[in-house]
1. Report, in debye and to the nearest 20, how large the dipole of the range 40-119 comes out about its Cα centre when Lys and Arg carry +1 and Asp and Glu carry -1 on their Cβ.
2. What order do you get for 89-98, 286-295 when each peptide is scored by the mean count of other beta carbon atoms within 10 Å, highest first?
3. Dipole of the chain (Lys/Arg Cβ +1, Asp/Glu Cβ -1, origin at the Cα centre): which of Ala205, Leu106, Val286 lies farthest to the positive side?
4. Any idea what the alpha-carbon Rg over 2.2 N^0.38 Å comes to for the chain?
5. Among the lysines, which have Cα under 19 Å from the Cα of Lys338 when same-chain residues fewer than 8 positions away are ignored?
6. In whole Hz, with x marking every Gly and Pro, tabulate ³J(HN,Hα) for the range 212-220 from phi via Karplus 6.51 cos²θ - 1.76 cosθ + 1.60, θ = phi - 60°.
7. Taking θ = phi - 60°, what integer Hz values does the Karplus form 6.51 cos²θ - 1.76 cosθ + 1.60 yield along the range 151-167, in sequence order, with x for Gly and Pro?
8. Which lysines have a Cα less than 25 Å from the Cα of Lys127, not counting those fewer than 8 places away in the same chain?
Amino acid sequence: MNTLNVTKAPKSPSVAPNTHLIAAEGLTKRYRPGDPLAVDSVNFSLESGDILALLGPSGCGKTTTLRMIAGFEQPDDGQLFLHGKNVTALPPQQRRIGIVFQDYALFPHMTLGQNVAFAMRHVPKAKRAAKAREWLDLVGLADLIKRMPDELSGGQQQRVALARTLAAEPELVLLDEPFSNLDAALRESTRKEVRKLFKASGTTAILVTHDQGEALSFADQVGVMHAGKLLQVDRPERIYQRPATAFVAEFLGHTNLLDGNAEGEIAQTALGPVGIDSDIKGPVRVSLRPEHLAMSPAQEGKGATIIEREFRGHDCFYLLEQKGQLYSVITPSHILWKVGEQVDLEPQRRGSVLRD
Ligand code: ATP
């Protein structure tokens, strides 16, 4: 994809220095009286040029949050700021926000060029066709400008949808599960290309997804939602390594939750002493990722017993049992153990102390 001639979306003249591009304060939504809150006091802010992924299971409130940001839903409580300006009451068309949907939503009776030109009401009519070519060039599809949408693959259609959104030069792009209709290989390559495009153009974006791999690889900030609440927002590596709660830890991948008693930077657990990332005393719950537990042949008596092995190509996942507790371990796939073998488990990294 050609990412050289990137047009940066013009910034609003009222940009105050150090103002977040978008900030949500206490966004709350209940659809019907008696229903649980669909979104419950959500706070976050995003710097210009950053990508935020809202990640969580079905029904946790991701789409409702996105719809409130777009202006399609009015919050019951809370406020939304764009460049420091309160836009909570503004209709969608006055927010300069672009949206890319899961189903692309291209106009079937228009060529790609016409689809993209349609978004350029701010550009003089005579210049729209040339501009549309530039945007299509940006997503690597300028050669197909005369094609109809049904003559494209899913990935190509998604890129046209993206070009059309960017052509409107929005301040913020919202993406609702935009890659979920693509097959696995296309999904990965499209997501990489889109990230590259956003980074090159300085686009600020919010992506909704229930796919943790997608959130971790696509975004600069990952926010995990559960039952309407935004539990934690952090950089991908940090939220994975230092999850705040057991739900966040488990939603981002397999983990071992160990209850223990902390004495400084060590917790005594059923697995023995485990290093922890906080200097505290008293009862703690610690998250230790499976790749941070090593196995060695059992030395004294009975260690842990391997009860399941799942070979996954690039790594191998093991389930083990020790004194009635289950543990998971991930090893590189060239280190193979057999089901039934006895091993000692040894933490290789500090565990992360959870808030709840
Ligand atoms: P998914 O990943 O399945 O799209 P989500 O995390 O985006 O889920 P939302 O669509 O925001 O979740 O839904 C949050 C809650 O609000 C759910 O309990 C859902 O049933 C409810 N809800 C969503 N839209 C409406 C609506 N139009 N009317 C009533 N309840 C709704």
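1. 260 debye
2. Per-residue Cβ counts within 10 Å, averaged per peptide and sorted highest first, yield 286-295, 89-98.
3. With unit charges placed on the Cβ atoms, the residue in question is Leu106.
4. Values: Rg = 24.0 Å, N = 356, 2.2 N^0.38 = 20.5 Å.
Here the answer is 1.17, to two decimals.
5. Partners within reach: Lys302.
6. 5, x, 5, 4, 5, 8, 8, 9, 8
7. Rounded to whole hertz, the list is 9, 10, 6, x, x, 5, 4, 5, 5, 5, 4, 5, 4, 5, 5, 5, 5.
8. Partners within reach: Lys8, Lys11, Lys146.
Coordinate-derived values only; no laboratory data. Nothing here was measured: the structure is a model prediction, and the numbers come from that model. Note: ideal-geometry Cβ built from the backbone for every residue, glycine included; neighbour counts use all protein chains shown.
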